[in-house]
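Chemist: This is the structure I want to talk about, given as structure tokens.
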Amino acid sequence: MPKLTKFLAILFILLSFTANASTDKQDLPLAPLRIGLTPVFLDDQAAFLNKWRDYLQHKLERPVIFVQRGSYREVVDLLRDGKLEFAWLCGYPYIRNKRQFHLVAVPLYQDEPVYHSYLIVPATDTKTTSLADLRGKVFAFSDPDSNSGYLYTAYLLAKQGAMPATYFSKSFYTWSHRKVVEAIAAGLAQGGSVDGYVWDTLSRTHPELTSRTRVVNESPKFGFPPIVSSRSVSKHDIASLQEVVTQMKYDKEGAYLLNEFNLNGFVPGNPHLFDSISDMYHFVEQMRTHAAP
């Protein structure tokens, strides 16, 4: 009997310890989800982004931290180094890092998961009709890792056997799509490449700015800048964020936020949306390799 009593006492202690450990584990707060944001966002959207973060935190039931950086490369490096779980990137850095990143969701713009690159000039320039008219002029790019703000124009030049450094008298990076528009409007450059979604959204919110520029040409459709994750992120976390953003259009607050974004919603997306960006990237890289001394 004493042995049985001792055994039961030990068993009770072990069960109590296990239960307490389980309870303690459940009570631990969830780690924040860190989401990187790039210059695809308009510069004056800080207040709106706070509302979106609050929305995501409520839906995901865990803290969300937005990490904003001034270039695509900085965000890509943070994601690859495990300092972010997710990022809203351009399609160009996504296809360059497909082995390390997982496609989570793609926005719907005008009811499609695509957008255009715009070639813009000052509104006072009524003669320019194509990129050919800007040879020897000053040109503004947004970011060397931007599809709409750099790659597409570099691709068009590569098809002619040319490169930005020699085609234009001078080119520079503004590190923001909005700042490309501002540079053209101010006459700091005679042409520029810009995200068509950003230009369209600015034309809705800041028509006094876009009215000082003119769209000369639109690119073919490209996969819209996607939300991606690091490959190290759990399937559960990926599925959770994907579900929340794809369901935004079905509730009042989510629909309001999408309208503020000038978007129609999000879809899971298909990696093949970005095949044309991949083709342009490889073509430009081949051109650079052949041009190298």
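Chemist: Please arrange Glu74, Glu61, Glu285 by counting, for each residue, the other beta carbons lying within 10 Å of its beta carbon, fewest first.
Modeler: If I rank by nearby Cβ atoms, fewest first, I get Glu61, Glu285, Glu74.
Chemist: Where does each of 77-84, 173-180, 204-211 land if you order them by average Cβ count within 10 Å, highest first?
Modeler: Output ranking for 77-84, 173-180, 204-211: 173-180, 77-84, 204-211.
Chemist: List the trypsin sites (Lys or Arg not before Pro) within the stretch 97-145 that fall in a DSSP loop (any state other than H, G, I, E or B) and whose Cβ has at most 11 other Cβ atoms within 10 Å.
Modeler: Within the stretch 97-145, the qualifying trypsin sites (Lys or Arg not before Pro) (loop, at most 11 other Cβ atoms within 10 Å) are Arg99, Lys127.
Chemist: How big is the dipole moment of the stretch 50-110 about its Cα centre under a simple scheme where the beta carbon of each Lys and Arg is +1, that of each Asp and Glu is -1, and everything else is neutral? Debye, nearest 20, please.
Modeler: The calculation lands at about 140 debye.
Chemist: While we're looking at this one, here's another question. Would you be so kind as to identify which of Asn147, Trp199, Leu119 lies farthest towards the positive end of the dipole of the stretch 117-219, taking Lys and Arg as +1 and Asp and Glu as -1 on Cβ and the Cα centre as origin?
Modeler: Leu119
Chemist: Further, regarding this structure: Nothing charged except the Cβ atoms of Lys and Arg (+1) and of Asp and Glu (-1): what's the magnitude of the dipole of the stretch 117-219 about its Cα centre? Round to the nearest 20 debye.
Modeler: Dipole of the stretch 117-219, to the nearest 20 debye: 260 debye.
Chemist: OK, next. Let me have the 222 nm mean residue ellipticity of the chain computed from DSSP H runs of 4+ only, each contributing -39500 (n - 2.57), with the sum over all residues rounded to the nearest 500.
Modeler: For the chain, the value works out to -13000 deg cm²/dmol.
Chemist: Rounded to the nearest whole Å³, what is the per residue volume of the convex hull around the Cα atoms of the chain?
Modeler: 153 Å³
Chemist: If we count every other residue with Cβ under 11 angstrom of Ser169's Cβ, Lys/Arg +1 and Asp/Glu -1, where does the sum land?
Modeler: +3
Chemist: While we're looking at this one, here's another question. Between the stretch 214-293 and the stretch 89-139, what's the alpha-carbon centroid distance in Å?
Modeler: The distance from the Cα centre of the stretch 214-293 to that of the stretch 89-139 comes to 12 Å.
Chemist: Could you list the square roots of 5 times each eigenvalue of the Cα gyration tensor of the stretch 117-219, that is, the equivalent ellipsoid semi-axes, sorted largest first and rounded to whole Å?
Modeler: The equivalent ellipsoid of the stretch 117-219 has semi-axes of 20, 14, 12 Å.
Chemist: Would you please classify the overall shape of the stretch 155-278 from the alpha carbon gyration tensor, given that a ≥ b ≥ c denote the square roots of the eigenvalues, rounded means a/c under 1.5, and beyond that prolate means a/b larger than b/c while oblate covers the rest?
Modeler: In terms of gyration-tensor shape, oblate.
Chemist: Right, next: Using unit Cβ charges (K, R positive; D, E negative) and no other charged atoms, how large, in debye to the nearest 20, is the dipole of the chain about its Cα centre?
Modeler: 660 debye
Chemist: Which residue, chosen from Tyr256, Thr210, Ala87, occupies the Cα position most advanced towards the positive end of the dipole of the chain, where the dipole is computed from +1 (Lys, Arg) and -1 (Asp, Glu) charges on Cβ about the Cα centre?
Modeler: Ala87
Every read-out reported here was derived from the displayed coordinates using simple, explicitly stated rules and does not represent laboratory data. Values in this document were obtained by computation on a predicted structure and should not be read as measured data. So basically every Cβ, Gly included, is an ideal-geometry build from the backbone, and we count neighbours across all protein chains shown.
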